[in-house]
Structure formats: C-alpha cells, structure tokens
Amino acid sequence: MKLPPALSIAVLALAAMPSARAAVDFDKDVKPILEINCVRCHNPKGTDFESGKTDVDLTSHESAFDVVSTIVPGTPEKSKLYTTTTLPDDAKKLMPPKNKATGKLERITAQQSETLKLWIQEGANWPKDAKLVARKAEIAPVGGEAGEPALVKEIYQRITTTQQPVNEKGMQPYSTTIAGSEIAFDMVPIPAGKFKMGSPEGEAGRKPDEGPAHEVEIAPFWMGKCEVTWNEFELFMYPDEEKKTRAAKQLDPALNRLTDAITHPTQPYVEMSFGMGKDGFPAISMTQHAANKYCQWLSAKTGYFFRLPTEAEWEYAARAGTTTPYFWGDDASKMGEYCWYGKNSDFKYQKVGKKKPNPWGLYDILGNVIEWTLDQYDANYYATAPKENPWNRATKPYPHTARGGSWDDDDPAKLRVAARRASGPEWKIQDPQLPKSIWYHTDAQFLGFRIVRPLKTPTAEEMQAYWNSGVEKD
C-alpha cells in the first residue's frame, strides 16, 4: 500500500523510535482529555452549563501554569490537575465535578488519569502556542434516543411535501444546490433491473467472499454522479461556518432549525485532507456513521431523501449492465482511462469527474476513493441474501463494507466491480480520543462515499433506520 509523502515520513520516523514507551504527546494524548473534561469549567467564558467562575484557566500555557499548584512539572503527586482526578466519588474537590446540568458524575477514565500523570512526570510539555477550547464528549446517538424519532418525522414531513416523480419514467438527471450555499451536486437516474451480483469462479483476482454469484433485483434510484466532495461535506462538518455562509440567503428559519438540530461531527484534531487538496476533491476518512448523518442533514436541506447505497445497489450501478470484471471489459490495461489508482494517482486522491464515466454516467465509481455502503460486511452473506433489494443491516460496529478500490491500490484486481473491502478498528488507530471518535477514520485516507436517492420514499421509521444504525461506538 502506498502512503502520501508526509504520512510515509511519519511512519518511518515512528518505526525508527526505540521500543520503550513513547513520550506522551500533548496534542494527541493530553489536549483531548483537557478540552473535553476540564476546559468546560476552567476557562474565563464558561459554557452553556458552567459559569466560568474559576481561579484556574486551562485555555493556554500561560494561564494553566499561572497557579503554581495546578501543574508542577516532574511531580504529579503535587499537581492538582492529576491528584483531583484520583479522589473518591464523594470528594468535594473531585475533578471533573458533577455535571450541573445533569447531576451526573463524569469521571475521566483510569487510563486518562494515568496519561495526565505520565505527562506531568515527563515535564508537562505544553507548547506555548497551543490554545484549548471546551468540547463536548462524543456520544453516539441511537435509534431510540429521545428527540431523534421526532426530528426524523419532521424531516419526513418536509420530504413528503416536496414534489417527487411518481414513476420511473419521470426520473431524469438533475442538479441541486444545497440551500444556503453556492454548492451544487448532480444525480444520475439508475433504472430498475436484475443483475448477477458477485463474480464467477474463474474471474482473475476473485476472492471467496465474492460468491456465490447470484441474481438480484433492484428498485430504481438516483445515484450521485460523483463522490461527495469536501465542498459539500464541510457544510455539514463545520456548522458554525455554514451558518455564516447562509446568513445572507434569508432561508426559512424553520429549515435552519431543522438542519441545525441534526447531530454534526465534532471538530477533528488533524487536517482531514492530509494536504491532498479540498476544492473539488472527494471528502475522506469519515466513519459510516458520519456519512449516514450527512445524508440525514442533506435530506433536511433539500427535501429529498438521501442515504448510502446498499452493497447490491452499489454493484448494480457500478456494473451498469455489464458482466465483466470492470465495467469497460476485462482488460486491466485500460484502467488508467477510467480510474485513479496506485499506478497513476501520484500518491493521493484526485479531483472528481476527471476520468471517463461508466455506461450510466457515474464518475470514479472505481478508484479515487473506496466508497461506503450501508451493509454489514459478511463474507458468507451472498449464500443467504434476499433476491430483492438486499441489505445486510448492521448489528455491530465492525466490519462494514466499502466498494470500488482507491488511489492507494496498486493491484488492479482490487478495483474489480465485485471486489469487497471490510472496515476495521485499524482505520482509526491514530485517533487520540478516548473513546475513539464516532466521526473519523483518520487512518483511512482512501475512504469516501457517494449518495443515493430511491424513487420510492421510505417511511419515517425506515428513514430513521437508514440514518441511525445504533452501532456507532467502537
């Protein structure tokens, strides 16, 4: 597997380190603990549930070390930042204290407390330019969470009052501008039909999980002409910036209330394009949960129902009526005409829509970034899958199925239409947060998604199931 130059350097540097425990990293190991658990109280401004009346300000190096006993470099047992985290539950000076809004204890974990201890023991290195802000801990929404069903019903009402085609004949290609922005995306109609899913036993590069090949019937839908780009995804990813962008558009306040109520990603701790570019490039490294919630947000924005494709829908659309290993045939030497992959990608993803499309007008359906589907990955699922519109619903956080191969794949066999890839916890190994983020796969820089819109609008209950798998937490 090829890595971007900057990441390759980081990996080589890590490999060269001695086998002893690595030093505690402030940005990756300490900053998340302080921002989520401490800065909510210990800052001069306070938050929505803390007044900010404190004599300890943990928002900067200068203020954090202003009170001598807060952090004593080299001596954790004299540092209140550490010792207050080890007190009994009923101690008045326990940190973090009870949440005043909920009345619940929100203790940091023993592992987090030990991280603070080791950091102080090593000298409490705090870069002088590092500024901290209060952040909310990530909690994965579940289908039965209070408020989510009601929110989905409101979105459902918006969708069902928007004019929709009544049959397949009314389906046309179209472009939609995301309300409150200048950003547009294109959708391509995919006709209903039957196809042979999987690969025949004699196909070169075939893996056992691609069989048995079986006939599947698919209902009509639209699919994104291109993979979702950063231009689109960052409107959802950075809601404060999106609010500034839409301010001059005078949108219906009811629409703003609806879209703002959807759970948005927390701020990432790294630059998520990893230096590969954003304008016109595919968004990457999001979890399946993040992709699902983007679909919910986009549905509320537009009045059309969007979701991820099922694995069967994805393969049906990618094949576009063909039966060969690649939609252009079986000659892998032509791959450079249609795909960005390991041998022509220059070690990074590329702008969407620059190669030849498949017969149904889909660009980068193979290559550039591998794409999320809705399905739980199961190597044996094809043997028992339903014949009509199959969807292997998720019951656990890993693995889920991604399709299409990526810029990072040298082997052409990985870009065959039938090739499957399973997600895993190694896709977020470097994530500094505890617990791991429900929003980002920081180690999966080859991963993105595209959206679909079925002709038949599902019920509100079905929408909730599509957008909330309930297995977001690792």
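The values are calculated or read from the model by the stated rules, or taken from the named source; none is laboratory data. Because the structure is predicted, anything quoted here is derived from the model rather than measured. In this analysis, Cβ positions are derived from the backbone assuming ideal geometry, glycine residues included, and neighbour counts consider all displayed protein chains. These area figures cover heavy atoms from the full protein model, side chains too; ligands, DNA and RNA do not enter into them. Shrake-Rupley method; radii C 1.70, N 1.55, O 1.52, S 1.80 Å.
Points to keep in mind about this one:
- Calculated FRET efficiency for the pair Q157/E122, C-beta based, R₀ 56 Å, to 0.05: 0.50
- Dipole magnitude for the chain: computed about the Cα centre from +1 point charges on Lys and Arg Cβ and -1 point charges on Asp and Glu Cβ, it is near 560 debye.
- Rolling a 1.4 Å probe over the protein heavy atoms gives the chain an accessible area of 46 Å² per residue.
- When peptides 408-417, 117-126, 386-395 are sorted by average Cβ neighbour count within 10 Å, with the highest value leading, the order is 408-417, 117-126, 386-395.
- Packing-based ranking, highest mean first, of 55-65, 168-178 given that Cβ atoms within 10 Å are counted: 55-65, 168-178
- Here the accessible area of the chain is 53 percent carbon and sulfur, with a 1.4 angstrom probe and all protein chains present.
- Rounded to the nearest Hz, the phi-derived 3J(HN,Hα) couplings of the range 166-181 under the Karplus curve 6.51 cos²θ - 1.76 cosθ + 1.60 (θ = phi - 60°) are 8, 8, 5, 4, x, 7, 10, x, 8, 10, 10, 8, 5, 3, x, 9, where x marks glycine and proline.
- Amide H partners (placed H, <5 Å) of H400, local residues excluded: Y377, S423
- Pairs from K169/K225; K225/K351; K194/K293; K194/K456; K334/K354 whose Cα-Cα separation, in the structure shown, is over 25 Å: K194/K293
- Charge dipole (the chain, unit charges on Cβ, about Cα centre) - positive-most of A64, S199, I120: A64
- Counted residue by residue at 0.36 nm each, then reduced by the alpha carbon distance between them, the extension gain from K196 to A422 reaches 79.2 nm.
- Of the residues Y377, V417, G303, the one whose Cα sits farthest toward the positive end of the charge dipole of the chain, with +1 on the Cβ of Lys and Arg and -1 on the Cβ of Asp and Glu, is G303.
- All C-alpha pair distances within the range 370-463, sorted into 5 Å bins from zero, spread as 3, 11, 18, 22, 20, 15, 9, 3, 0 percent across the bins.
- Evaluating 6.51 cos²θ - 1.76 cosθ + 1.60 at θ = phi - 60° for every residue in the range 276-283, the Karplus couplings come out as 8, x, 10, 5, x, 9, x, 5 Hz, glycine and proline recorded as x.
- Packing order of peptides 311-323, 272-284, highest average first: 311-323, 272-284 (average count of other Cβ atoms within 10 Å over each peptide's residues).
- Amide H within-cut-off set for Y440, under 5 Å, with H built and near neighbours excluded: T287
- Structural descriptor for the chain: relative contact order 18 percent, calculated from alpha carbon pairs under 8 angstrom and at least 6 residues apart.
- For the range 460-474, Karplus couplings with θ = phi - 60° (6.51, -1.76, 1.60), whole Hz, Gly/Pro x: 4, 5, 5, 4, 4, 5, 5, 8, 10, 6, x, 10, 6, 7, 4
- Modelled FRET efficiency - R0 51 Å, Y381 with I183, Cβ distances, 0.05 increments: 0.90
- Å³ per residue enclosed by the Cα convex hull of the chain: 164 Å³
- Heavy-atom accessible area order for R246, R206, R450, largest first, 1.4 Å probe: R206, R246, R450
- An ellipsoid equivalent to the range 151-257, defined through the eigenvalues of its Cα gyration tensor, has semi-axes of 37, 20, 13 Å when rounded to whole angstrom and sorted largest first.
- Charged side chains reduced to their Cβ positions (Lys and Arg at +1, Asp and Glu at -1) give the range 297-455 a dipole of some 460 debye around its Cα centre.
- Fully extended contour minus Cα-Cα distance, from D89 to E388, at 0.36 nm per residue: 102.2 nm
- For T457 and D331, a Förster radius of 30 Å and the Cβ-Cβ distance give a FRET efficiency of 0.15, rounded to the nearest 0.05.
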